[in-house]
Amino acid sequence: MEKTRAYDYDNFIFHVDVNSAFLSWSAVKQLREEPGSVDLRTIPSAVGGDVKTRHGIITAKSIPAKKYGIVTGEPVVKALQKCPNLVMVGSDFNFYRECSHAFIDILHKYAPVVAQVSIDEAYMDMTGTRSMYQDLETPDCPFPICVARKIKDEIRDTLGFTVNVGISDNKLLAKMASDFTKPDRIHTLFPNEIEEKMWPLPIGDLYGCGGSTASRLNSLGIRTIGDAANADYEMLTGILGENAGSYIYASANGIGSSHVSDSYEEAKSYSNETTLSSDLNADNYDKDIVPVLKYLSEKVSSRLRRDEVFGRTITLSVKTGNFKRHSSQMQLDNSTSDAAEIYKYSKYLADKLLLGEEGLFIYGEVVRLVGVGVSKLDDGSYRQMSLFDEAFSTDDKTKKLGKMADELADKFGKNTVIKGSLLK
């Protein structure tokens, strides 16, 4: 059977990611200010910490520095032990914002919808745009590769830094593709390429699979993404929990959303967030986090009570010093609109996200913004459930498995044999 061609798919999603953003932008700034100076991207170099005292953590590194085993998040002192000649530079977030805005402006020239997800990455919905770029197509460079190359090259030639472009029919696979070989590259990862390109990768490379989850799966013999894709679904959810297990199984099989939006949808949740007057870190955490969470919980609670609704899922989100968003959530047995309960669970999530085994503070991060949200809204009827909980859970799970089976069949063909218990 002829291999499916890229342009035979209905959706085309690009994930565009700046290569070593902070390091690249620091290199561009230095070359502008000191023409003829060494390009930081070509030598072992890193951004982070206090350049004079050499304290703090690594926030970005060059590809040559990576060859010494230097990783983002490790102490500067440890990095210098690995590479004594490592060139350290300080961060300049004002310049980083300028580069980010210029980068996103270029993307808007090519796509009807661009969704920026962080300071250095964005999704582009290129669905239905092939006719706009027919003049770029050649037999060796068909759509959508041709327009991805045009975008990549314009960013490099006009802004001075490089990006990777990942292309697929959904956001998950596009994101995975952009993380393949770097820098200045274009990669596709369509459903028919999953088995060849994604399944051999270590399970820890699966987007959304954290270090502790990867370690747990490794201990069970699940070492690659393909192992997870072909594992028993019930086993995964039994070990990791319903949400995490379902996510790992579905993602390993390439199932992801194709919806790219540049605006917020009608609210399906209630949330409030605040930018802190000073950075929150491990030293001032206990003193400063409590009043912030109580304030946000009361704000969310008052809006829920005003609209006479309740929510079952509590979400705690933060934005760190490098402008990355991180979040953690939990589902309650009973929906709530009570401020005290919202505070209690948001505090638990904050402790886990910031102080846990893989907490952000362990990696030297600081927090600039905190948010509290409540979702999975209802009119309060869930609060009355008791005898029928088990029946509801079973029915809900059956629907979820059936939906997932349909999605897998759509992706890989109606006669696909799905291992595990999905089709039992």
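A 22 angstrom limit on the alpha carbon distance is what I want to check against. Which of 29/52; 197/319; 67/152; 299/319 exceed it?
197/319; 67/152
Check each of the GluC sites (Glu not before Pro) in the range 334-369 and keep only those in coil by DSSP with at most 13 other C-beta atoms within 10 angstrom; list them in order.
357, 358
Size of the dipole of the chain about the Cα centre, Lys and Arg at +1 and Asp and Glu at -1 on the beta carbon, nothing else charged, in debye to 20?
Charge dipole of the chain: 780 debye, to the nearest 20.
Label residue 196 and residue 11 with points 7 Å out from Cα along Cα→Cβ: what is the distance between them in nm?
The two pseudo-label positions are separated by 2.3 nm.
Putting +1 on Lys and Arg Cβ atoms and -1 on Asp and Glu Cβ atoms, find which of 249, 204, 9 reaches farthest to the positive end of the dipole of the chain.
The one lying farthest along the dipole's positive direction is 204.
So between residue 134 and residue 333, what do we pick up on full extension, going 0.36 nm a residue minus the alpha carbon distance?
Values: separation 199, 0.36 × 199 = 71.64 nm, distance 5.40 nm.
Extra length available between residue 134 and residue 333 comes to 66.2 nm.
Could you calculate the contour length gain from residue 341 to residue 108, that is, 0.36 nm times the residue separation minus the distance between their Cα atoms, to one decimal place in nm?
Length gained, residue 341 through residue 108: 79.6 nm.
Taking amide H positions as placed in the peptide plane 1.01 Å from N, state which residues far from residue 117 in sequence (5 or more) or on other chains have amide H under 5 Å from it.
Amide H to amide H, under 5 Å and 5 or more residues apart or across chains, residue 117 pairs with 122, 123.
All other residues with a Cβ under 9 Å from the Cβ of residue 70 taken together, and with Lys, Arg as +1 and Asp, Glu as -1, what is their net charge?
Charge balance near residue 70 sits at +4.
Where nothing but the Cβ of Lys and Arg (+1) and of Asp and Glu (-1) is charged, how large is the charge dipole of the range 270-384 around its Cα centre, in debye to the nearest 20? Display every interim value, and only then the final one.
Details: 16 positive and 17 negative charges, 55 e Å.
My answer is approximately 260 debye.
Given labels modelled 7 Å from the Cα in the Cβ direction, how far is it in nm from residue 118 to residue 281?
Distance between the two pseudo-spin positions: 2.1 nm.
If packing is taken as the average number of other Cβ atoms within 10 Å across a peptide's residues, how do 281-289, 111-119, 168-176 rank, most packed first?
The peptides rank, most packed first, as 168-176, 111-119, 281-289.
Counting pairwise Cα distances across the chain, what percent come out greater than 38 angstrom?
28
Please list, by residue number, everything in the range 100-120 whose backbone N is under 12 Å from a paramagnetic label point 7 Å out along Cα→Cβ of residue 262.
104-116
Only the coordinates and a few stated rules stand behind these numbers; no lab work does. Just so it is clear, the structure is predicted and the values come from calculations on it, not from any experiment. A quick note on method: Cβ atoms are made from the backbone with ideal geometry, for glycine too, and the neighbour counts reach across all protein chains shown.
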